[in-house]
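Student: The structure that follows is given in the form of structure tokens.
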Amino acid sequence: MQSTQTLLNKLQQMESAANGDIAYIHDLENLYEQLAGQGLELSQDFLRARNIFRVKNAHLMQQPRPKILLGLINSEHFPNFHTVPLMRVADVVSITTTVPKSNEVDRLHLTIGNTSLSDAIDRLPSGFGPDLYWDPQICGASVLPIGLEKLPFPTVGGLCHQHLTLSIENFSHFYDFLCPLSARYVELVGNAFPDKIILDLPFGGNWGSFKDIIPPLDDTERDIDLLLSFSNSSEGAYGAFRKKTHTLFEAFKKKYGSRYNLVAISGLTRTEYIQHLRRSKIALNSVGQHGPYNYRTCEIMNAGAAMMQYDAVFPIGDLKLDQYFRDGTEAVLFDEGNFEHKLLDLLENPEKAKAIAQAGQHRMNTEYSYESIYRMLIQQVQDKAASTKPRTLTREQAVNHRIAGLFHAPQSHKKPYALYHAMLHSLQTQTSMEHALLAQFDLLRADIFTPLLMKIVRDDALTTMIQQQTLSGLDGLYQRIAEPTIVDRWNVVMHRLRLGVCDNDMLAQIRDDLKGSDQAEHLLNATSLIYIPKVPQLDTEAAAKAELNHLSTQYLLAGNDASQKDKILKAYMCEIADLALAYTGQRPKPIEGLRLA
């Protein structure tokens with residue numbers, strides 16, 4: 001039997017021989033679909049070859065399929081686990097910042113900061129008119145292409161890290177449709193964005209069954225009775241539930257470790273991790289505030305282990321796994337009061353554990369397959385496209401939201417690059433950049449910012465001091481702001497704190513100004529670039545709890561109430577100020593001439 005690659009080579013030769021013969025192209029289209037029906041859809045190489053063929057000949061295709069323009073999630077590598085299944089249900093063009101190979105007609109090249117996506121779509125192959133633009137991960141250090149808000153077809157954004165509320169709020173303005181992570185967030189995001197159409201998809205459309213990378217294996221030897229495969233970190237959105245799960249595990253192991261093979265391990269490679277899951281009869285899981293599930297939910301079920309998950313309760317509201325998987329049938333929920341009883345029941349009744357594992361795996365691979373979720377996504381957009389509201393985002397608003405969305409995103413290797421291009425584009429709008437530069441002072445050390453600083457600061461010596469991260473550079477940048485806002489004053493004090501200078505008098509005055517400001521005066525909103533350093537002068541755990549409480553929980557619960565959000569941001573800054581003021585280090589004199597107002 002010939003190999004898939006040999007077959008694909010023959011298909012490409014046949015296409016070359018067609019020499020534009022329309023009837024021959026139609027025969028090739030039928031042949032691709034016949035081969036797909038014979039099982040070749042399981043081959044990533046086949047899917048990519050068919051995708052390239054259909055995109056290249058889009059104007060000649062007789063068998064219609066949805067056409068999707070994919071955001072920059074696959075910029076560096078296409079396809080990946082998100083998009084291999086997508087090619088089974090749609091024809092896909094993926095945007096990339098790298099120059100594609102000549103035969104990669106399913107890649108649309110953009111130069112971020114210089115190329116407008118609304119112009120670049122003119123370079124799409126003839127007949128490839130996208131039905132929608134799809135980015136499954138608009139939070140984090142996402143790069144929103146310039147001109148996204150001007151596309152002549154529906155745009156859809158997936159919200160995969162709901163606790164990154166300020167980043168999400170800024171980026172959400174660019175999309176017609178939003179896909180929150182779960183049912184509770186559908187409600188909350190709908191309250192926050194009444195002008196958007198909210199789609200209710202499993203996993204927010206961001207992930208689904210990983211059966212392509214963790215296919216079912218019926219004859220796996222399972223020598224691990226119970227696996228715990230994550231660390232006991234209590235940081236951020238995970239609260240204390242990972243640590244609580246570890247505590248329960250250790251207590252159970254101390255009592256029953258001689259009877260069962262109980263394994264706790266983390267820091268594994270991807271291959272080692274999957275091997276451990278495949279060896280396990282039961283695996284533990286704990287989710288964060290962006291639950292009620294995570295990647296590990298899918299990984300455990302796809303690997304054929306029975307999943308036991310901590311039934312966590314979060315202030316954000318009801319995040320219930322049993323809205324998606326039947327408790328006791330497809331998964332098992334536990335807490336401190338019933339962990340030992342439920343785990344012993346499964347360990348002493350291995351057939352019951354196996355049945356739960358098989359039921360969870362079946363539902364994951366059918367109803368929650370990527371293909372099923374993508375079909376739901378496409379159908380819902382088609383059904384609701386006529387209900388989208390007119391886009392009202394101005395050019396200046398787009399600049400501010402793009403920069404603020406990136407500013408509030410978590411640190412990553414992409415963040416300086418993305419911020420640079422967002423700020424570079426802003427120069428075309430005559431927007432003052434000194435405020436943004438001050439807020440992001442710690443990122444300006446990157447060489448990529450040198451030409452931008454030269455354009456804005458126009459002072460070689462000051463540019464050097466800024467990139468060397470000196471107090472003089474910070475002060476010089478601050479002095480360039482003619483009318484500092486309370487956020488500017490905050491940012492210069494916080495960056496000085498990061499550089500080891502504790503200006504308690506200045507910080508106390510800012511805190512008092514925040515507490516004493518007119519409650520009707522909206523000083524702050526999601527575009528406010530409020531810098532918070534991660535330094536010893538702040539109680540890191542307390543600062544993380546304040547961030548989660550104010551900027552995630554309370555901010556989300558505020559819906560679209562601008563006044564309430566203003567109060568929440570003020571309360572957050574005041575709490576951080578109190579943490580900094582509680583630090584008992586040295587209090588040097590303020591830099592001479594540094595303005596407070």
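Student: Hey, got the dipole for the range 122-269? About the Cα centre, +1 on K and R Cβ, -1 on D and E Cβ, debye to the nearest 20? Could the numbers behind the result be given before it?
Tutor: Working: 13 positive and 17 negative charges, 163 e Å.
Using only the charged Cβ atoms, the result is roughly 780 debye.
Student: Moving on to the next point. Search the structure for amide H atoms under 5 Å from the amide H of ARG107, placed 1.01 Å from N in the peptide plane, and list their residues when 5 or more places away or on another chain.
Tutor: Result for ARG107 returns SER94.
Student: Using alpha-carbon positions, what is the distance between the centroids of the range 57-87 and the range 293-346, in Å?
Tutor: Using only Cα atoms, the two centres lie 34 Å from each other.
Student: Here's something else I'd like to know. For LYS254, give me every one of the aspartates and glutamates with a C-alpha distance below 17 angstrom, ignoring sequence neighbours fewer than eight places off in its own chain.
Tutor: ASP225, GLU336, GLU340
Student: In deg cm²/dmol, rounded to 500, what helix-only [θ] at 222 nm does the chain give when every DSSP H run of at least 4 residues adds -39500 (n - 2.57) and the total is split over its residues?
Tutor: Values: 23 runs with 255 residues, N = 597.
Result for the chain: -13000 deg cm²/dmol, rounded to the nearest 500.
Student: Take the Cα pairs of the range 87-245, get the Kirkwood Rh, then feed it into Stokes-Einstein at 20 °C and 1.002 mPa s and tell me D in µm²/s.
Tutor: Numbers: Rh = 18.6 Å.
Calculated translational D: 115 µm²/s.
Student: Now a separate question. How large is the direction-averaged shadow of the alpha-carbon convex hull of the range 270-364, in nm²?
Tutor: Values: hull surface 23.9 nm².
If I average the Cα hull's projected area over directions, I get 6.0 nm².
Student: Quote the Stokes-Einstein diffusion coefficient, in whole µm² s⁻¹, for the range 490-575, based on the Kirkwood radius over alpha carbon pairs, a temperature of 20 °C and a viscosity of 1.002 mPa s. Intermediate values should be presented prior to the final figure.
Tutor: Values: Rh = 13.6 Å.
Answer, rounded: 158 µm²/s.
Student: Quick one: compute a quarter of the convex hull surface over the Cα atoms of the chain and quote it in nm². Don't skip to the end; give the middle numbers.
Tutor: Working: hull surface 121.3 nm².
The Cα convex hull of the chain, projected and averaged over all directions, gives 30.3 nm².
Student: Just going by the charge dipole of the chain, with Lys and Arg at +1 and Asp and Glu at -1 on Cβ, which of GLY158, GLN564, THR470 is farthest out on the positive end?
Tutor: THR470
Student: Compute the relative contact order of the chain as a whole-number percentage, counting only Cα pairs closer than 8 Å that sit 6 or more residues apart in sequence.
Tutor: Details: 955 pairs, mean separation 71.3, N = 597.
Relative CO of the chain lands at 12 percent.
Student: Roughly how many whole Å is it from the C-alpha centroid of the range 524-553 to that of the range 431-470?
Tutor: First find each Cα centre; the distance between them is then 24 Å.
Student: Next question. Looking at the chain, send over the antiparallel percent of its DSSP beta bridges, to the nearest 5.
Tutor: Numbers: 1 of 33 bridges.
Given both bridge residues lie in the chain, the antiparallel proportion sits at roughly 5 percent.
Student: Checking the cross-link filter: which aspartates and glutamates have an alpha carbon closer than 12 Å to that of LYS211, excluding same-chain neighbours under 8 positions apart?
Tutor: Within the straight-line limit of under 12 Å, LYS211 reaches these aspartates and glutamates: GLU299, GLU371.
Student: How large is the Kirkwood hydrodynamic radius of the range 205-256, counting all unique pairs of alpha carbons, in Å? Before the final figure, lay out the partial values.
Tutor: Numbers: mean 1/r = 0.0709 Å⁻¹.
Value: 14.1 Å, from the Cα pair sum.
Student: Okay, moving on. If you put +1 on each Lys and Arg Cβ and -1 on each Asp and Glu Cβ, how big is the dipole of the chain around its Cα centre, in Debye rounded to 20?
Tutor: Roughly 540 debye, rounded to the nearest 20.
Student: Given a 1.4 angstrom probe, what's the average accessible area per residue across the chain, in square angstrom?
Tutor: Details: 25170 Å² over 597 residues.
Counting only protein heavy atoms, the per-residue value for the chain is 42 Å².
Student: Could I ask something else about it? Dividing the alpha-carbon radius of gyration of the range 6-163 by 2.2 N^0.38 Å (N being the number of residues), what value is obtained? Mind dumping the intermediate values first?
Tutor: On the way: Rg = 16.0 Å, N = 158, 2.2 N^0.38 = 15.1 Å.
For the range 6-163, the normalised Cα radius of gyration is 1.06.
Student: What is the distance in Å between the Cα centres of the range 241-278 and the range 1-40?
Tutor: 49
Student: Here is a further query. Just name one of ASN525, LEU499, ALA482: the one whose Cα is farthest towards the positive end of the charge dipole of the range 474-565 (beta-carbon charges, Lys/Arg +1, Asp/Glu -1).
Tutor: The residue sitting most towards the positive pole is LEU499.
Student: If you don't mind, there's one more thing I want to ask. Given a cut-off of 19 Å, name the pairs among LYS320/LYS352; LYS515/LYS565; LYS150/LYS389; LYS56/LYS101; LYS10/LYS56 whose C-alpha atoms lie farther apart than that in the structure shown. Each step should come with its number before you reach the end.
Tutor: Working: LYS320/LYS352 23 Å; LYS515/LYS565 14 Å; LYS150/LYS389 13 Å; LYS56/LYS101 14 Å; LYS10/LYS56 17 Å.
In this structure, LYS320/LYS352 lie more than 19 Å apart at Cα.
The values are calculated or read from the model by the stated rules, or taken from the named source; none is laboratory data. These figures come from a predicted structure and were not determined experimentally. Glycine also receives a Cβ, built like all others from the backbone with ideal geometry; neighbour counts cover every protein chain displayed. Quick note on the areas: whole protein, heavy atoms, side chains included, nothing else; ligands and nucleic acids left out. Shrake-Rupley method; radii C 1.70, N 1.55, O 1.52, S 1.80 Å.
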